[in-house]
Amino acid sequence: MAQRYEIRFSGAGGQGLITAGIILAEAASINEGKHAVQSQSYGPEARGGASKSEVIISDEPIDYPKATIVDACLAMTQESADKYANGIKSGGVLLIDSDFVKNVPAGDFRVVKIPIMRTAKDDVGREIVANVVALGAMIALTDVVSREAGEKAVLAKVPEAFLELNKKAYSIGFEKVKEALEG
Amino acid sequence: MAKKVALLQGNSACAYGALYAGCNFFGGYPITPSTEVAEVLSVELPKVGGKFIQMEDEIAAMASVIGAALAGQKALTATSGPGVSLKQELIGYACIAEVPCVIINVMRGGPSTGMPTGPGQSDVQQAKWGTHGDHPVIALVPSSVQEIFSETVRAFNLAEKYRMPVQVLYDEIVGHMRERIEFPEPGELEVINRTEPTVSPEDYKPFDPSFGDVPPLAAFGTDYRFHVTGLNKAADGFPTTKANLVDDEQRRQIRKVDGNQPDIELNEEYLTEDAEVIIFAYGSTARSARYAVNELRKEGVKVGLFRPITLWPFPEKRVAELAKQAKAIVVPELNLGQMILEVERVAKGTCDIVGINRVDGEPINPGQIIAQVKEVK
């Protein structure tokens, strides 16, 4: 992966997608020694409504820190899909929460549908870890960092009392994508 | 042993850089997009015995920094354009009273409240001319998280070495993005402290030019007692209107920077050697420019990047040389054309100079620079 790889996490403000972006950037830059830059929507646009976090990963130093053409995009809500699921590369991938994104943005990219919030609530047990489910899913989908590097970064970020919960969330998110891709 | 690494926001790197440099006082008033500098220092300074004070406004914050610095501390404030505007009178005071201190300006748009959450580079001339009167100016413009750390250290060093306020300016993009940083080990980066007097308290004169252009500075609260004023002053610190003393004092202060430019100046050049087009860019804009250079080089375009890291004093000599070498210089800026005026001044008409300007809160993307370079080449 010599070239830059661009990932965008989008959803509603408060869903933890900025944290998901930071964890991915830590997985890449701290655990795998790659170059990574994370940035996020900021200010009025980050409060309520749609929010986004972008991560650029490369083997080379990263100059321009913002997205140019997105390789992989996550949209947790319809509003975020409408606002941020654009500029996706031809042959790229869009992961949506299939319970919330009904009107799927059209384009020359693959769409993977998973009920992310429902998975967090029913399979993991807490809706609050939907961002970690989504992170596991995005890593499985993009292979941009190893499964282990991602998990290590998740566990380094969360309080001790929630280690198992987040580990489970990450793992289930990862497996859901593998199933979706095989199915 | 492997170095400590972290994924850090630019503003956090500034705070840790300040701590590395020995900063032990922060006086500030939170303002977007600089607030994280204060946030981190409010947690970290007490751990090292330092003081963090949130003042009632930006003016008081600057006053507290001057007071702390005169009491022997290494003092910092961090703000954005509106705060820097408020601080100008006291920045002038720090200049004339020769008070070492560091001012961080995380730039957003303007004037006035402008667009608090958007990036800008429209305070770069303010850094030079913001406060009235002739005075020396040092301003640094880092463009990465690692560089914010190291340039904050260098800002303290220059402030201490030349006994004057030093400004560090970076835009919201660099301030808020997160990148991997390697923390330098203690001793790895040079840390300079001010020269203290060796004469007895009775013989001490705070502005005595016989010690050179940078007279030693004693700390209030020690045995040394001295007078500080915003008026032009004689060697003993008391006001004077004697023409020769006023003239000598003002010229000495300017000489601190003009006479030491090689020590203060820091630039990065990328593929400028054979370049027919030079991009002059700083801060986040230089990152877009470097991306553009790489893309254009793939197409065989002879283009290079000149990136000032010290913006003031302006790198006159090198820019003049590049202007003679190049057909054109392209100057992208997140303002309506500020540093381009300096490039034009020193180029003296020896090449074409074209600006790319953006003030809509969005970054200048590499595509804009690529298109402009192709047009001028």
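Things to note:
- One residue alone among B:Ile278, B:Ile254, B:Ile329, B:Ile264 is in contact (Cβ under 8 Å) with a residue 12 or more places away in the chain and touching a Gly at 6+ places or on another chain (Cβ under 7 Å), and that residue is B:Ile278.
- Options B:Glu151, B:Glu182, B:Glu98, B:Glu160: the member that is at pLDDT 95 or above and surrounded by fewer than 21 Cβ atoms within 10 Å (Cβ to Cβ): B:Glu182
- Filter pass, B:Gln121 being away from chain A (no Cβ under 14 Å) and either under 30 Å from A:Ser29 (Cα atoms) or surrounded by 24 or more Cβ atoms within 10 Å (Cβ to Cβ) (or both): yes
- Selection from segment B:219-275 of residues that are in a helix (DSSP H, G or I) and more than 26 Å from B:Ile66 (Cβ to Cβ): B:Ala243, B:Asn244, B:Pro262
- Residue under evaluation B:Arg108, criteria (1) within 14 Å of chain A (Cβ to nearest Cβ); (2) over 21 Å from the mean Cα position of the chain (by Cα); (3) touching a residue at least 60 places away in the same chain (Cβ under 8 Å), criterion not met: (2)
- Filtered residues of segment B:167-206 (kept if out of contact with any strand residue (DSSP E or B) (no Cβ under 6 Å at 6 or more places or on another chain), of a type in the set (Asp, Glu) and either within 14 Å of chain A (Cβ to nearest Cβ) or closer than 20 Å to B:Asn105 by Cβ (or both)): none
- Criterion (more than 14 Å from chain A (Cβ to nearest Cβ), surrounded by fewer than 24 Cβ atoms within 10 Å (Cβ to Cβ) and modelled with pLDDT of 95 or more) met by exactly one of B:Leu45, B:Leu41, B:Leu8: B:Leu45
- Among the conditions (1) free of Cβ contacts under 8 Å to residues at least 24 places away in the same chain; (2) within 14 Å of chain B (Cβ to nearest Cβ); (3) of a type in the set (S, T, N, Q), A:Asn31 misses just one, which is (1).
- Among the residues listed as B:Val359, B:Val346, the single one being outside any helix (DSSP H, G or I), over 25 Å from B:Thr152 (Cβ atoms) and at pLDDT 95 or above: B:Val359
- Per-region count, segment B:198-217, residues within 29 Å of the chain's Cα centre (by Cα), surrounded by 18 or more Cβ atoms within 10 Å (Cβ to Cβ) and without any contact (Cβ under 8 Å) to a residue 24 or more places away in the chain: 1
- Restricting B:Glu190, B:Glu172 to residues that are at pLDDT 95 or above, charged (D, E, K, R) and in contact with a Phe, Trp or Tyr (Cβ under 8 Å, 6 or more places away or on another chain) narrows the list to B:Glu172.
Residue-wise test of (1) out of contact with any Lys or Arg (no Cβ under 6 Å at 6 or more places or on another chain); (2) outside the structural domain of B:Gln368 (by TED's automatic domain parsing); (3) farther than 21 Å from B:Pro332 by Cβ.
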{"residue": "B:Ala235", "(1), (2), (3)": "no, yes, yes"}
{"residue": "B:Phe238", "(1), (2), (3)": "yes, yes, yes"}
{"residue": "B:Lys242", "(1), (2), (3)": "yes, yes, yes"}
{"residue": "B:Val246", "(1), (2), (3)": "yes, yes, yes"}
{"residue": "B:Arg255", "(1), (2), (3)": "yes, yes, yes"}
{"residue": "B:Ile279", "(1), (2), (3)": "yes, no, no"}
{"residue": "B:Thr285", "(1), (2), (3)": "yes, no, no"}
{"residue": "B:Arg290", "(1), (2), (3)": "yes, no, no"}
{"residue": "B:Val293", "(1), (2), (3)": "yes, no, no"}
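- All conditions in (1) more than 25 Å from B:Glu185 (Cβ to Cβ); (2) small (Gly, Ala, Ser); (3) surrounded by fewer than 20 Cβ atoms within 10 Å (Cβ to Cβ) hold for B:Ala2, with the sole exception of (1).
The values are calculated or read from the model by the stated rules, or taken from the named source; none is laboratory data. Just so it is clear, the model here is predicted, and its values are computed rather than measured. In this analysis, Cβ positions are derived from the backbone assuming ideal geometry, glycine residues included, and neighbour counts consider all displayed protein chains.
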